1. Residues that are outside the structural domain of residue B:151 (by TED's automatic domain parsing), surrounded by 15 or more Cβ atoms within 10 Å (Cβ to Cβ), within 15 Å of the chain's Cα centre (by Cα) and not in a strand (DSSP E or B): does segment B:8-21 have at least one?
2. I need the full set of residues from segment A:191-206 which are within 27 Å of residue B:88 (Cβ to Cβ) and either within 14 Å of chain B (Cβ to nearest Cβ) or open to solvent by 30 Å² or more (accessible area, probe 1.4 Å) (or both), in order please.
3. Could you tell me which of the residues A:226, A:230, A:240 is closer than 30 Å to residue A:426 by Cβ, of a type in the set (A, V, I, L, M, F, W, C) and surrounded by fewer than 24 Cβ atoms within 10 Å (Cβ to Cβ)?
4. Could you list, in sequence order, all residues of segment B:238-253 that are of a type outside the set (Val, Ile, Thr), under 21 Å from residue B:49 (Cβ atoms) and within 11 Å of chain A (Cβ to nearest Cβ)?
5. Within segment B:70-106, restricting attention to residues that are within 14 Å of chain A (Cβ to nearest Cβ), aliphatic (A, V, I, L, M) and touching an Asp or Glu at 6+ places or on another chain (Cβ under 6 Å), which residue is least open to solvent (accessible area, probe 1.4 Å)?
6. Taking segment B:221-237 as the search range and keeping residues that are within 9 Å of chain A (Cβ to nearest Cβ) and touching a Leu at 6+ places or on another chain (Cβ under 6 Å), which one is farthest from residue A:256 (Cα to Cα)?
7. Can you tell me which residue is nearest to the other protein chains (Cβ to nearest Cβ) among those in segment B:205-220 that are small (Gly, Ala, Ser) and crowded, with 24+ Cβ neighbours inside 10 Å?
8. Has segment A:177-190 got any residue that is open to solvent by 10 Å² or more (accessible area, probe 1.4 Å), within 14 Å of another protein chain (Cβ to nearest Cβ) and closer than 20 Å to residue A:419 by Cβ?
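The values are calculated or read from the model by the stated rules, or taken from the named source; none is laboratory data. Worth saying up front: this structure is predicted, and the values here are computed from it rather than measured. Please note: Cβ atoms are built from the backbone with ideal geometry, for glycine as well, and neighbour counts cover all protein chains shown. For the accessible areas, the whole protein counts, side chains as well, though only heavy atoms, and no ligand, DNA or RNA atoms are used. Shrake-Rupley method; radii C 1.70, N 1.55, O 1.52, S 1.80 Å.
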Amino acid sequence: MPNMQLTKTPAKEQDPKARAKNFKEVSSCYTEEEALNEAQRCLNCKNKPCVSGCPVGVRIPEFIEKIREGCISEAYDIIKTTNGLPAVCGRVCPQESQCESKCVRGIKGEPVGIGRLERFCADYMADKASAPEKPQPNGHRVAIVGSGPSGLSCASDLAKLGYEVTVFEAFHTAGGVLMYGIPEFRLPKATVQREIDGLKALGVKVETDMVIGKILSVDELFDDGFEAVFIGTGAGLPNFMGIPGESLVGVFSANEYLTRTNLMKAYLDDYDTPIAKSSKVAVVGGGNVAMDAARSALRLGADKVYIVYRRSADEMPARREEVHHAGEEGIEFKYLTNPTEILDDGNGRVKGLKCVKMELTEPDQSGRRGVRPIENSEFEIEADAVIMAIGTSPNPLIRSTTPGLETNRRGCFIVDENMLTSREGVYAGGDAVTGAATVILAMGAGKQAAKAIDEYIKNK
Amino acid sequence: MYKILKKKELNAQVTLMELEAPLIAKKALAGQFIIFRIDEFGERIPLTIADYDREKGTVTIIFQKVGRSTIMLGNLNEGDSILDLVGPLGVPTEIPEGAKKVAVIGGGVGCAIAYPQAKALYNVGVEVDVIAGFRSRDIVILEDEMRAVSKNLYITTDDGTYGMKGFVTNKLQELIDAGNKYDCVIAIGPVPMMKFVCAVTKPYGIKTIVSLNPIMIDGTGMCGGCRVRVGGQIKYACVDGPDFDGHEVDFDELMHRNSAYKEQEQHDREHICRLTGGAVNA
């Protein structure tokens, strides 16, 4: 008999007051008992609606069944057949709009905690999984540009097929947004590092400090003997609003703020990275990056942190759990509020944010509700730092140095259904193709490209 | 790891280092920069490439020991290695086509970058006048080198202990007044110096190229920290620069932005003094 409890088995969480002052992970991993209890909520539906909601098609009911049987190692292996980064996905996937949104249990009550169970398997196996067997080399070389989620999943699948894979990373640490963007309290860096070490054990070479497009061009990679190139360079260029005051000291892109904090570990005394010590911080935007920046600011010692978002709570694109956690930690949400100017303290530093109230309009053709400013509703928010988290665009370094590589109006690479770009042998995926999206979609694209690259090289 | 093959103190504050980095050396061009990081705990610090040797596979940097990381780098020796070196970043310097006579102006440690610019121009037959400004005689660097690649080398010192007493702008004005017709001026040095050089050249419409050095992290356009206002538009010095048309640059805003971490930097310097027993240049 399945467990008919209507709500998910809770995962232990750090007390909001305490965690708002540290960078330790917010949620704990399920214990074996908790995992078993939650696994028993799965009805093992024949038509597996949850799987259709997963961009990489994780065999969800099968792995949950293994947990029920107490065979965690087998559950983990099942996940690993389609998902190279379960410890990451279990933590950062927007399950509520993917697998869990399709779960039958969600019709009455909460869906099965698929994300938590996935994380449980990965964490449980972290120190138990044996080193993967190095596949027989097939003698073909593939270059991967960018070591974020799309690049890592592409590398993983190709390495398993015996390809000699080299991943090039511009930063000094591999992992892309998993390392520089998503904070420690949501995705511990040791977890990401373990996944990367796993790839290295498969024989994948990782070369850091390599800005492709500068030190080597894509064409030079082919000259060096790589037979195919996958571009997973993400969407790294931060957008600003174009309002007055954005050049004041104390205005940051979320990328800068998060990179200083996560990658450069500004929150640890041992590191030399400087970061603004701010007391009142306004974060502009409503996505996961905005939540991450706001919650990081709080942990870096801010007394007051605002999220300033021009639409209402319902339109907010961030993961529900992050919004919930942010609220618990004391972050104040200013909905239907749009900044019009960042105010100068007279010395070139931020002293506040001038905003206007917004109202929702009827949904447009895409179904999304727009907003328009309400006349004479201007007001000011006091702040000594403003963080812009309003999206990013793809980096032009590759497209400007690779002849024949087509991009769209927004600078995203144009690819066909096999992730092939307009250049033979050059594939692309992840945010570099879609614009800023999720970790799991990027991983799905990396996998698809790996399959296409394998076909391409085999048929050459 | 990137090995330090050569180290030379140019004056009490300024050090030259040759680093082993064959791939960067192969691609580097005048005006581009690198980012270094000493160790796992270090900052990422951008420095313009002072020279490169494609055959030896080396990149030369010249830096002033002003902040924590440059002081720590200065404390390393030949044979030591640093953890990270990224480059070549940024867009190479573009000299206006057909320029026959160019004034290259360096201020202090900026001469480290002005020198290779002068050398590149001199080697293709351009008539080069170099104006090099320093606070005082004891910190003059690269004098012989700059003399070798210029038709005329003019040195100015703020206190008059060497060369002409005054600023580079005084000398530039004097040369223009004396009838010198420059097709282009390249100015590299402290932000106020570049600002005032541009003020001198603007009335004459002399194209003036400046090399900016704002605060940045990645050097690939990702952090947006290095944004500068050029011609009213926001540009990223790391990917759009570091060279810009000086007449279009908002220098005052740049100076403000560069002061963002001044207090922390001061604190760090004192901390290093304690670490090294009081000597900043130990």
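1. Yes, segment B:8-21 contains a residue that is outside the structural domain of residue B:151 (by TED's automatic domain parsing), surrounded by 15 or more Cβ atoms within 10 Å (Cβ to Cβ), within 15 Å of the chain's Cα centre (by Cα) and not in a strand (DSSP E or B).
2. Let us first name the residues in segment A:191-206 that are within 27 Å of residue B:88 (Cβ to Cβ), namely A:196, A:204-206.
Listed by number, the residues that qualify are A:205, A:206.
3. Working: A:230 fails: surrounded by fewer than 24 Cβ atoms within 10 Å (Cβ to Cβ); A:240 fails: closer than 30 Å to residue A:426 by Cβ.
Result: A:226 is the single residue among A:226, A:230, A:240 that is closer than 30 Å to residue A:426 by Cβ, of a type in the set (A, V, I, L, M, F, W, C) and surrounded by fewer than 24 Cβ atoms within 10 Å (Cβ to Cβ).
4. Hits for segment B:238-253 are B:238, B:240.
5. B:86
6. Filtering segment B:221-237 for residues within 9 Å of chain A (Cβ to nearest Cβ) gives B:221-225, B:227-229, B:234, B:236.
The next check asks that each one be touching a Leu at 6+ places or on another chain (Cβ under 6 Å); those that pass are B:221, B:228.
Values: B:221: 10, B:228: 15 Å.
Top of the filtered list is B:228.
7. Residues of segment B:205-220 that are small (Gly, Ala, Ser), as a first pass: B:205, B:211, B:219.
Now restrict to residues that are crowded, with 24+ Cβ neighbours inside 10 Å: B:211, B:219.
Numbers: B:211: 18, B:219: 8 Å.
Selected residue: B:219.
8. For segment A:177-190, residues open to solvent by 10 Å² or more (accessible area, probe 1.4 Å), within 14 Å of another protein chain (Cβ to nearest Cβ) and closer than 20 Å to residue A:419 by Cβ: present.
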